[in-house]
Amino acid sequence: MDEKSFNNQGILPVEKKLAALLRYPTIASSGDFQADPAVFEGCREAIHTLYPRVAGACRRHITKSGGLVYHWRGKAQDKPWVMMAHIDVVPAGDEGWERPPFSGEIEGGQVHGRGAVDTKGTLAAMLEAAEGLIEEGFTPEQDIYFCFSVDEETYGPTTGQIIQWLQERDALPYAVLDEGGQMEQGLAPGSGALCALVGVAEKGMAQVQLSVTGPGGHASRPPRESQANILARALVRLEKNPFPMGLVSPVKEALEGLSPDSAWPYRLIYRCPRLFFPLIKRYARQKAGGAAALFHTTTALTQLKGSGASNVLPATATAGLNLRLLPGDSQEEVVRYLRRVLGDKRVRVGLVTGNEPSPVSHMEGPAFERITGAVKKVWPQARTLPSLMVGATDAYHYSAFCPRVYRFSPYHIPPEVAASVHAANERLPVEALKEAVAFYRAMITG
């Protein structure tokens, strides 16, 4: 029996629905790559077919760019929720994949394919929850909008179009739930607690170019100081002078939340993070990576360019830096910091693009408590903690006007599975997918 026949009988399991969606290579346009509109249309129609009760009960809207919205009307309309995911995925070459990246194979208790975790899995799970509740005759207390972008990975216009559509209908959300933090265990020294990390803020971003311009020439007659030499010394100065570390409110609240379940002396350290911040900073610097990123604005060297030939001195040498801004920092301030650290007017510092850090959403109140309650229903032993997102999500666009924007992907998955996002062999355990369905069901029913 084919998948459509299964679906018509209402017995197609959620993992097969996800597998069907993964077979659409919905790669967003970027650089020289042009997305295939037919692939995205096919995926949208597959969603409509795979979730017939959602399709029948909810109003569907397709944005100009191809984004998809389902409006599930509730008993009241004054405090609508937006639940988000994105249909688009990053490219996936065959190299390193044990299975074709768009095969949607189900093997070994896992659904394999690009987008399984990021984020067709959450899309499939939230619609599966709605599908079952609609079949049971359930009506939500408030309107719910399922909003699916098609260009999240490339910072495209879809979410802005969805927000405009909501605004035109006087339906701007009371609260938003998008992808973000996950279930984590043992996330800090001395703590083995299972925690649901709910992103309440995002770091900002600044793409900065450093450039040094002067006379070029033949490489056989190098000057005392070339443009490349000047730039290289500037980069070393930046490496030796990272942005100072600080303790922002979501991270402080998370550390304090870890305290009750932590071993001594970590229990005391987490209870009083400001008092023990020198120790926390030392640990974060040693760990680097994601741990350090929670405490300061980071600088990553992502691009270097000199001359186009090995025997030619560059007239202009450039370096591209990607900065992720801690809440409280601004693009203007970080550019000033870079110029001060470099201390060389020959090195030009230019801001190419970026965005400021998001506001910090409410870390208490009915909306956050709703997420906490849903977590407890699926993972009774877990603590729900606020967190800071070091990456970017489409939810950022809502934070300009909504004080309750949350970023949480309800997955309890091993680290190696989480690491497959944007890498080879992305997959999602079937059990984790079913837990995600249970979480969204709890969120919708309250």
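The values are calculated or read from the model by the stated rules, or taken from the named source; none is laboratory data. What you are looking at is a predicted structure, and each value in this text was computed from that prediction instead of being measured. Note: ideal-geometry Cβ built from the backbone for every residue, glycine included; neighbour counts use all protein chains shown.
Starting from region 88-109, take each residue that is assigned by TED's automatic domain parsing to the domain that holds P157 and touching a residue at least 40 places away in the same chain (Cβ under 8 Å) and list its partners that are acidic (D, E) and not in a loop (DSSP other than H, G, I, E, B), counting only C-beta distances under 9 angstrom and pairs at least six apart or across chains.
As it stands, the answer is D88/E152; D88/E153; V89/E153; V90/E153; R99/E107; I106/E15; G109/E431, since those pairs meet every condition given.
Going by the conditions given, is A374 within 24 Å of R73 (Cβ to Cβ) and among the small types (G, A, S)?
Answer is yes for this residue.
Does region 286-303 hold any residues that are surrounded by 12 or more Cβ atoms within 10 Å (Cβ to Cβ) and in a loop (DSSP other than H, G, I, E, B), and which are they?
Across region 286-303, the qualifying residues are L294, F295, H296, T297.
Out of R441, R340, R336, which single residue is crowded, with 16+ Cβ neighbours inside 10 Å and either assigned to a helix (DSSP H, G or I) or hydrophobic (A, V, I, L, M, F, W, C) (or both)?
The conditions single out R441.
Report yes if T316 is at pLDDT 95 or above, hydroxyl-bearing (S, T, Y) and more than 30 Å from S220 (Cβ to Cβ), otherwise no.
no
Of these, N241, N229, which one is of a type outside the set (S, T, Y) and without any contact (Cβ under 8 Å) to a residue 60 or more places away in the chain?
On inspection, the qualifying residue turns out to be N229.
For R221, work out the one condition from (1) surrounded by fewer than 21 Cβ atoms within 10 Å (Cβ to Cβ); (2) touching a Lys or Arg at 6+ places or on another chain (Cβ under 6 Å) it doesn't fulfil.
Just one mismatch for R221, condition (2).
Given (1) closer than 22 Å to T302 by Cα; (2) in contact with a strand residue (DSSP E or B) (Cβ under 9 Å, 6 or more places away or on another chain); (3) not basic (K, R), identify the lone condition not met by P189.
(1)
Return yes when G42 is within 25 Å of T158 (Cβ to Cβ), surrounded by 20 or more Cβ atoms within 10 Å (Cβ to Cβ) and of a type in the set (G, A, S) and no when it is not.
No.
Suppose we filter region 215-229 for residues that are among the polar types (S, T, N, Q) and part of a loop (DSSP other than H, G, I, E, B); how many remain?
Total satisfying the criteria: 2.
Let me spell it out: the conditions are (1) crowded, with 18+ Cβ neighbours inside 10 Å; (2) in a loop (DSSP other than H, G, I, E, B); (3) touching a Lys or Arg at 6+ places or on another chain (Cβ under 9 Å), and P410 meets all of them except one. Which number is the exception?
Condition not satisfied by P410: (3).
Mind checking which residues of region 82-96 are buried (at least 24 other Cβ atoms within 10 Å of the Cβ) and either hydrophobic (A, V, I, L, M, F, W, C) or in a loop (DSSP other than H, G, I, E, B) (or both)?
V82, M83, M84, A85, I87, D88, V89
Yes or no, residue by residue, for (1) crowded, with 19+ Cβ neighbours inside 10 Å; (2) farther than 17 Å from A367 by Cβ; (3) among the basic types (K, R); (4) under 16 Å from the mean Cα position of the chain (by Cα):
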site	(1), (2), (3), (4)
W379	yes, yes, no, no
A382	no, yes, no, no
S387	yes, no, no, yes
A392	no, yes, no, yes
Y398	yes, no, no, yes
P403	no, no, no, no
Y406	yes, no, no, yes
A419	no, yes, no, yes
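Quick check on my filter: what residues within region 24-62 are assigned to a loop (DSSP other than H, G, I, E, B) and under 22 Å from the mean Cα position of the chain (by Cα)?
Y24, P25, T26, A28, S29, G31, A35
Of the residues that make up region 144-159, is at least one under 20 Å from Q77 (Cβ atoms), in the same structural domain as W72 (by TED's automatic domain parsing) and touching an Asp or Glu at 6+ places or on another chain (Cβ under 8 Å)?
Scanning region 144-159 turns up no residue that is under 20 Å from Q77 (Cβ atoms), in the same structural domain as W72 (by TED's automatic domain parsing) and touching an Asp or Glu at 6+ places or on another chain (Cβ under 8 Å).
For the condition under 20 Å from L388 (Cα atoms), in contact (Cβ under 8 Å) with a residue 40 or more places away in the chain and among the aliphatic types (A, V, I, L, M), what is the one hit in A284, A263, A293, A300?
A293
Rundown of residues vs (1) outside the structural domain of A319 (by TED's automatic domain parsing); (2) farther than 30 Å from E364 by Cα; (3) of a type in the set (F, W, Y); (4) modelled with pLDDT of 95 or more, yes/no style:
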site: G214; (1), (2), (3), (4): no, yes, no, no
site: R233; (1), (2), (3), (4): no, yes, no, yes
site: E253; (1), (2), (3), (4): no, no, no, yes
site: R274; (1), (2), (3), (4): no, no, no, yes
site: R285; (1), (2), (3), (4): no, yes, no, no
site: A300; (1), (2), (3), (4): no, yes, no, yes
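Among the aromatic types (F, W, Y), within 28 Å of the chain's Cα centre (by Cα) and surrounded by fewer than 19 Cβ atoms within 10 Å (Cβ to Cβ): is that true of Y283 in this structure? I'd like the intermediate steps shown before the answer.
Numbers: among the aromatic types (F, W, Y): yes; within 28 Å of the chain's Cα centre (by Cα): yes; surrounded by fewer than 19 Cβ atoms within 10 Å (Cβ to Cβ): yes.
Judged against the criteria, Y283 is a match.
I'd like the full set of residues that are part of a strand (DSSP E or B) and exposed (fewer than 15 other Cβ atoms within 10 Å of the Cβ), limited to region 70-81. Walk me through it before giving the result.
Keep residues of region 70-81 that are part of a strand (DSSP E or B), which gives 70-72, 76-81.
Passing the criteria: A76, Q77, D78.
Take the residues in region 140-187 that are crowded, with 19+ Cβ neighbours inside 10 Å and of a type in the set (S, T, Y), then tell me which one is farthest from the chain's Cα centre (by Cα).
Y145
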